[in-house]
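Engineer: Here it is, the structure in full.
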Amino acid sequence: MINSEISEQLALMQLSDSFFPTGSFTFSHGLETLVQTGKIQSKPEILYFLQILLRNKVGVSDVVALIHSYRGCKNGNIEAVRVADRMLFVQTAIAKNRETQRQSGRALLMVASSTWQDERLKTLNQEAISRKIHCLHPVIFGAVTSVVGLKERNAVLAFLHGLVTNILGAAIRLGILGHIQAQQILLQLVPDIEAVWSTAVSMNLDQMWSCTPFIDIAQMQHPKLAQKLFAN
């Protein structure tokens with residue numbers, strides 16, 4: 001359990017670091033398809049891709065579920081975590097996305113429950129093993145950050161930072177972005193991340209939505225690519 005501001009900052013860095021083994025770095029969120037088909041080739045196009053993903057999908061679905069899972073776990077209400085998990089599963093229409101979310105969430109929960117000894121994580125781990133919960137990554141991230149004592153806002157920022165840096169890393173590996181350009185985009189996304197937080201914090205689970213057809217189609221086409229570096 002976190003006892004100081006320094007400890008919280010260290011936990012924030014630990015959970016948002018790609019060194020933390022959840023496998024999220026293997027996800028491109030449809031970017032690989034768009035690059036291979038020539039629809040995204042430049043820095044402005046990657047920036048726009050991330051803005052749409054944040055504002056029209058992740059920020060109004062994944063982050064909302066994360067926040068409600070965080071609050072439930074903080075209050076010792078595991079049922080609220082289950083509900084957030086179930087609602088996000090229904091909201092995630094693409095089967096491949098549900099599966100990658102489950103894989104990443106399961107990995108996060110396994111590592112976190114071994115690192116931070118807590119009965120709430122132990123319970124969730126047991127329910128994941130018995131398949132009583134879907135174990136989607138945003139929901140588990142909310143629960144874990146609550147257990148380790150991060151502030152709600154910092155939990156959301158850590159999640160979004162990890163998502164964006166993973167996608168920018170994918171763009172670098174795909175050869176359409178350099179490291180300096182990636183850092184510039186990360187800075188340009190600050191207003192979008194702030195807007196996501198401001199919107200999601202007041203939403204309930206019934207208000208979750210997403211509208212990213214261009215990205216959704218790219219994600220559904222991904223399994224048909226002849227060569228793939230990423231899981232989605």
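Engineer: Please tell me the relative contact order of the chain in percent, rounded to the nearest whole number, where contacts are Cα pairs under 8 Å and at least six residues apart.
Structural biologist: It comes to 39 percent, rounded to a whole number.
Engineer: Just how many % of Cα pairs in the chain lie over 20 Å apart, if you round to the nearest whole percent?
Structural biologist: Pairs farther apart than 20 Å: 57 percent.
Engineer: Roughly how many percent of the accessible protein surface of region 3-42 is carbon and sulfur, given a 1.4 Å probe and a whole-percent answer?
Structural biologist: The value for region 3-42 is 59 percent carbon and sulfur by accessible area.
Engineer: Would you work out the charge dipole size for the chain about its Cα centre, treating the Cβ of every Lys and Arg as +1 and the Cβ of every Asp and Glu as -1, and quote it to the nearest 20 debye?
Structural biologist: Dipole of the chain, to the nearest 20 debye: 560 debye.
Engineer: Sticking with this one: Report the Stokes-Einstein translational diffusion coefficient (µm² s⁻¹, integer) for region 1-112, Rh taken as the Kirkwood radius over Cα pairs, at 20 °C with viscosity 1.002 mPa s.
Structural biologist: Estimated diffusion coefficient is 132 µm²/s.
Engineer: Got the relative contact order for region 118-232 handy, in percent, Cα pairs under 8 Å and 6 or more residues apart?
Structural biologist: Normalised by residue count, the contact order of region 118-232 is 15 percent.
Engineer: Please calculate how many Å² of accessible area region 1-105 carries per residue, with a 1.4 Å probe and no DNA, RNA or ligand atoms counted.
Structural biologist: Solvent-accessible surface per residue comes out at 46 Å².
Engineer: Still on this structure, I have one more. Going through the cross-link list 132/228; 43/151; 96/151; 122/151, which pairs have a Cα-Cα distance over 26 Å in this structure?
Structural biologist: 132/228; 43/151; 96/151
Engineer: Considering only protein heavy atoms and a probe of 1.4 Å, how much of the accessible area of region 44-96 is carbon and sulfur, as a whole percent?
Structural biologist: Answer for region 44-96: carbon and sulfur cover 55 percent of the accessible area.
The values are calculated or read from the model by the stated rules, or taken from the named source; none is laboratory data. Worth saying up front: this structure is predicted, and the values here are computed from it rather than measured. No Cβ is skipped: glycine too gets one built from the backbone with ideal geometry, and neighbour counts run over all protein chains shown. Ligands, DNA and RNA are stripped out before the accessible areas are found, and what is left, the full protein with its side chains, is counted by its heavy atoms. Shrake-Rupley method; radii C 1.70, N 1.55, O 1.52, S 1.80 Å.
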